[in-house]
Amino acid sequence: MDFIAITKLAVMKKLLLLIALVGYACFAQAQLLKKMKEKVDNKVNATVDKKVNDAVNGNKAENKSEENKTDALNNPVTIYKRDKNVCATRSFSENVTGIQKDIYGIAVTGDDRSLSAAVKNDLTGISYSNLGLVYNIHTRKVADSIAVIPIDLNENGKIDNDEKIYSSLDELLNFLGITGNAKIPQENVNIVFNKNTISKPAIDFLNWIITAGQQYNRQFGFLSLDKNVVLQQQHLLSAYISNAKNTVR
């Protein structure tokens, strides 16, 4: 059996036929993220007011480092994960940690959609999923009752204007398409086929996926392949055409 990658979701050290790219995002219950942001803003404003007051009144600055803004985030959060280390869980953990390891959290039975449902119903909920589930693919906006947790891509301790890329699915896809920033997890999805028994119609369908079918990727939250990559994958797939049977399976 050989593995054919049909979207960028899971890396396999086998024969891969890439047909699309997709990214992952962390998200939280909308009210939780709103509350956290308000507490951070209040903390920052209080710190600024104190510094201004000290400067005006000539008070001697205290010899201590600036309080960590994350002190304002001491609200409890509930992390949800898939009950099995597959799909989003596996891809997310491999991208973030560099190795395939389980993620801490409450196990949720079901597919990746179940993670969204769990977070929506918990005011302290937080989780991760692929962009096609984090966003509503029809409205192109973040799905109801959740909010995307932004990433500090340049690690300067804040979310700069050019890092505010989450208002719509298309804005985030455009960013990934242009920059390919690896801090936003991206991976491959694979399809398994038997190279000795695959039919000619099946190969024709796989070839359609990586050519004409690319036009549908973005609609469902995926990125299209580079033209050079498509040519490479077509060459890879063509190796099986001579042995393929003209039967429909």
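Neighbours of Lys183, meaning other residues whose beta-carbon lies under 11 angstrom from its beta-carbon, give a summed charge of -3 when Lys and Arg score +1 and Asp and Glu score -1. Each of Ser199 and Asp162 was given a label point 7 Å from its Cα along the Cα-to-Cβ line. The distance between the two points is 5.2 nm.
Computed from backbone phi, the HN-Hα couplings of the stretch 133-139 come to 9, 5, 9, 7, 6, 8, 7 Hz, rounded to whole numbers (Karplus: 6.51 cos²θ - 1.76 cosθ + 1.60, θ = phi - 60°; Gly and Pro given as x). Distances between placed amide hydrogens fall under 5 Å for Ala143 paired with Tyr135, Asn136, all partners being 5 or more residues away or on another chain.
When the C-alpha to C-alpha distance is required to be over 22 Å, the pairs from Lys84/Lys158; Lys35/Lys141; Lys81/Lys158; Lys34/Lys141 that qualify are Lys84/Lys158; Lys81/Lys158.
For the pair His235 and Glu171, a Förster radius of 45 Å applied to the C-beta separation gives a FRET efficiency near 0.85, rounded to the nearest 0.05. Extending 7 Å from Cα along the Cβ direction at Thr179 and again at Ile149 yields two label points whose distance is 1.9 nm. Projecting label points 7 angstrom from Cα along Cα→Cβ for Tyr104 and Arg140 puts them 3.9 nm apart.
Bear in mind that the values in this text are calculations on the coordinates, not laboratory data. For clarity, every value in this text was computed on a predicted model and none was experimentally measured. Methodologically, a virtual Cβ is constructed for each residue, glycine included, from the backbone with ideal geometry; neighbour enumeration extends over all protein chains shown.
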